[in-house]
Amino acid sequence: MASSHPNGNGSHSQLFPIPQESGSMAMGHMRDNMPPPDVDDLGSGVVGLLLTSLSWLLVILTLPFSLFFCFKVVQEYERAVIFRLGRLQSGGSRGIFFVLPCIESYTKVDLRTSCFDVPPQEVLTKDSVTVSVDAVVYYRVSNAIISIANVANAHQSTRLLAQTTLRNILGTKNLHELLSEREGISNAIQGSLDIATEAWGIKVERVEIKDVRLPVQLQRAMAAEAEAAREARAKVIAAEGEQKASRALKEASDVISESPAALQLRYLQTLNTISAEKNSTIVFPLPIDLIQGFMKGMRRD
């Protein structure tokens, strides 16, 4: 029959009867499925203390040669993440520090700002135009411990994430937005990357879009459109100039027609202008009325 007994935390669990003929098999199955014993941190347990004592003994026996291998130095812009028996010991060491042989290992993390080029990405914009976009990303390690303990390769992961983020964000923009709003798009990519890489101990400081390459056919179409727009503006400007010139000529002709002497003065001024240019041939315009008078006199003779 079923019975109950208190477990480790004071609660009771229900046990069901096991048939006698399969008792040995059931007990063996229970032993196989039992979880492993809860072992505390080896670094603070008996085995950890034993290994640490042996490591110190090895250091003492090999003095002073062991000092050359146990003392390590990292630069001011670096941090050393130290592990003892697989457990994290320190993540902020800089300068000189001591490492026990055989049981401790360390990894240096550079905290300086680094940059990498995002390879050209073929992006389909919101208005179905295929463009090739490349960018540059500036980042640094903000937390040395997290960058080692939480991700296998923080730098490679950041590079791959930058490529996918670039494609995802540019896919929501039109072509004219991509060409005219680069700064806003760069800020959006930087914010998205910074949020995603915070769990990796990475701080994305800046993202810049380097170049946007359009297809050759699209470039030719845009160039032809721009040229046609320029020609249209040039024709409008030329027509406006002709209109203004015709008005000025009309006003001048009205002024000259009021005084016959003004026409003669204009004629003399034109001759003076022609002679100043050192021309070998000068054409004198003669009034038609004067020529007609000579022709009538010759007919009478």
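The values are calculated or read from the model by the stated rules, or taken from the named source; none is laboratory data. None of these values were measured; they are calculated from a predicted model. Here the Cβ is made from the backbone with ideal geometry for all residues, glycine too, and neighbour counts use every protein chain on show. With ligands, DNA and RNA removed, areas are computed over all heavy atoms of the protein, side chains included. Shrake-Rupley method; radii C 1.70, N 1.55, O 1.52, S 1.80 Å.
Odds and ends about this structure:
- Relative intensity, log₁₀ I(q)/I(0), of region 64-166 from a Debye sum that treats every alpha carbon as a point, q = 0.10, 0.22 Å⁻¹: -0.43, -1.12
- Listed peptides 131-137, 60-66 by packing density, highest first (mean Cβ within 10 Å): 131-137, 60-66
- Positive contributions from Lys and Arg (+1) and negative ones from Asp and Glu (-1), summed over other residues with Cβ under 14 Å from the Cβ of Thr130, come out at +2.
- Gap separating the Cα centres of region 79-134 and region 240-254, nearest whole Å: 75
- Computed from label points 7 Å out along Cα-Cβ, the spacing between Thr270 and Arg140 is 7.9 nm.
- Solvent-accessible area per residue in region 88-213 equals 52 Å², computed with a 1.4 angstrom probe and all protein chains kept.
- Per-residue SASA remark: Tyr106, around 80 Å² accessible (1.4 Å probe; ligands, DNA and RNA not included).
- For region 113-218, the relative contact order comes to 38 percent (Cα pairs under 8 Å, sequence separation of at least 6).
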